[in-house]
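*Asks:* Structure below; questions to follow.
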Amino acid sequence: MNNSINRRTWIKSSLMAMGTMAVAPAFALPKNKALAAYQPDSILNEHIPMFNYNEARIVAKLNANENPYGPSPKVIKAISDSIALGNRYGHGEAKVLIDMIAEKEGVTPDHIMLSPGSSDILEKVAFVQFMNGGNVVSADPSYMSLMNTAQKLGATWKPSLLTGDYQHDLEAMAKSVDSETNLVYICNPNNPTGSITDATKLKAFCSTVSEKTPVFVDEAYLEFLDKPEESSMVGLVAEGKDVIIARTFSKVHGMAGLRIGYMVALPERIESITSKVRSTMGLCVTSLNGAIASMKDPSFITSCRNMNTDCREYTKGEIASLGYDIIPSHTSFMIFPIRMEGQAFMKGMYDSGVGIRVFNIDDKPWCRVSMGTKEEMEIFVDAFKKVTA
Ligand code: PLP
């Protein structure tokens, strides 16, 4: 049964799926005037600030899904200790990190490619898969990086709306795959919804669909789950499936500004990239040693995950008590529909020193807020109450 929903009923059906009533916003600005990178095919469009604001006045930076606690003290030490190695290329350190990742993910090192953040993987895979056109299948709304690059290269994007409980509509996506499909992109947990797709169903989907076309699974937020290994698709790569996994040190490891990510895929997929462009050449010896230290510090990851969950519960409770319906989040951010015009809301929040993101979904404004420290979340809640009063 195809249980996807049409654009007009997206919010209504999805909120009803949470057992609540839909809340209509007061205004909707014309898309092409108010929104950045307007995508006519997408249900998701972002508001850019159309006002002047002073970065220095931001006291709670909750707009980029950064980890407020990282990097770990051990990473900071490893990086400081490596600065003197800056005259050397990091090939040796890259090999150490690749070996550690391969062991953790249960594959041989030729299944691993490092990169400066996972953005680089999204773009390199898009270049290789779409340099001769074709189409890419993904959910809508989702994290658009790979689809944006693919479309700029001439590919067609085939979006599939999420189901009423915000999972990927795997049935609809499988039907969308045709002889021109060069890749399927899945973001799990998904950004910007924070929702998760059932791992058993996703595994079955990846196994079948990867017989026809590679399936890219972006697991940037996986490590915020209590049992990440149960929801990862990485085991399929070890089974020889044409599945590409992207991971990053930017989120739970708290190293967004240090730029390290990695891909786990079949050696021939990695070869399809490294035969054209280089991989480890883009990495710094300092960040590599930082990532190695972070992998040796699992207690830091556990404490970040726990603090993230605490802040998420606190924020969810506060915002829900004001009568807002929040999509259940499995990540370091959450999103919910607001009841005022998006630009005015964003300006009010920035004027109060709080950076957030505002998206229009199906032409209605939604606030996406990243989890900061408890203190930052209290600032967010106070500002939210003031701005929306
Ligand atoms: N994938 C998802 C789903 C993201 O949300 C982000 C960043 O927010 C990225 C990938 C890219 O992050 P990075 O390049 O820092 O690894």
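The values are calculated or read from the model by the stated rules, or taken from the named source; none is laboratory data. This is a predicted model, so every value here is computed, not measured. All Cβ positions, glycine included, derive from the backbone under ideal geometry; neighbour counts span all protein chains shown. Only protein heavy atoms, including side chains, enter the accessible area calculation; ligands, DNA and RNA are left aside. Shrake-Rupley method; radii C 1.70, N 1.55, O 1.52, S 1.80 Å.
*Asks:* How much length is gained if the chain between Asn132 and Thr108 is pulled fully straight, taking 0.36 nm per residue apart and subtracting their Cα-Cα distance, in nm to one decimal? Let's see the in-between values first.
*Replies:* Working: separation 24, 0.36 × 24 = 8.64 nm, distance 3.05 nm.
Extra length from Asn132 to Thr108 when fully extended: 5.6 nm.
*Asks:* Quick check: Cα centre of segment 311-389 to Cα centre of segment 250-273, how many Å?
*Replies:* Each part reduced to its Cα centre gives a spacing of 30 Å.
*Asks:* Further, regarding this structure: Counting only DSSP beta bridges with both residues in the chain, tell me the antiparallel percent, nearest 5. Walk me through the numbers on the way to the answer.
*Replies:* On the way: 24 of 44 bridges.
DSSP beta bridges in the chain are roughly 55 percent antiparallel.
*Asks:* Averaging sequence separations of C-alpha pairs under 8 Å and six or more residues apart, then dividing by the length of the chain, give the relative contact order as a whole percent. Spell out each step's value before the answer.
*Replies:* Details: 762 pairs, mean separation 106.1, N = 389.
RCO, the chain: 27 percent.
*Asks:* Can you tally the net charge around Arg247? Count Lys and Arg as +1, Asp and Glu as -1, for every other residue whose Cβ sits under 11 Å from the Cβ of Arg247. Present the calculation step by step, with values, prior to reporting the outcome.
*Replies:* Working: positive: Lys104, Lys251; negative: Glu105, Asp218, Glu219, Glu223.
Result for the neighbourhood of Arg247: -2.
*Asks:* Turning to a different aspect of this structure: From the cross-link list Lys201/Lys276; Lys227/Lys296; Lys74/Lys201, which pairs have alpha carbons spaced over 29 Å apart? Display every interim value, and only then the final one.
*Replies:* Details: Lys201/Lys276 34 Å; Lys227/Lys296 18 Å; Lys74/Lys201 38 Å.
Checking Cα-Cα distances, Lys201/Lys276; Lys74/Lys201 exceed 29 Å.
*Asks:* How many angstrom lie between the C-alpha centres of segment 181-202 and segment 104-172?
*Replies:* 10 Å
*Asks:* So which GluC sites (Glu not before Pro) in segment 228-312 are both in a DSSP loop and have at most 12 other Cβ atoms within 10 Å of their Cβ?
*Replies:* Glu239
*Asks:* Also, I was wondering about something else. Loop only by DSSP, 15 or fewer other Cβ within 10 Å of the Cβ. Give me the GluC sites (Glu not before Pro) in segment 121-185 that pass, ordered by residue number.
*Replies:* Glu180
*Asks:* Can you send over the carbon and sulfur percentage of the accessible area for the chain, probe radius 1.4 Å, protein chains only?
*Replies:* Working: 8650 of 16250 Å².
Roughly 53 percent of what the probe reaches on the chain is carbon or sulfur.
*Asks:* Are there any GluC sites (Glu not before Pro) in segment 184-224 that are in a DSSP loop and have at most 13 other Cβ atoms within 10 Å? List them by number. Mind showing how you got there, number by number?
*Replies:* Values: sites: Glu211, Glu219, Glu223; in loops: Glu211, Glu219.
In loop regions of segment 184-224 (DSSP not H, G, I, E or B), the sparsely surrounded GluC sites (Glu not before Pro) are Glu211.
*Asks:* If you count only protein heavy atoms with a 1.4 Å probe, what accessible area per residue comes out for the chain, rounded to a whole Å²? Please list the in-between numbers first.
*Replies:* Details: 16250 Å² over 389 residues.
Per-residue accessible area for the chain comes out at 42 Å².
*Asks:* Cross-link candidates for Lys374: which lysines have Cα within less than 18 Å, leaving aside residues fewer than 8 places away along the same chain?
*Replies:* Lys61, Lys251, Lys316, Lys385
*Asks:* Shape verdict for the chain, please, from the Cα gyration tensor: rounded (a/c under 1.5), prolate (a/b greater than b/c) or oblate.
*Replies:* Since a/c reaches 1.5 but b/c is at least a/b, the shape of the chain is classed as oblate.
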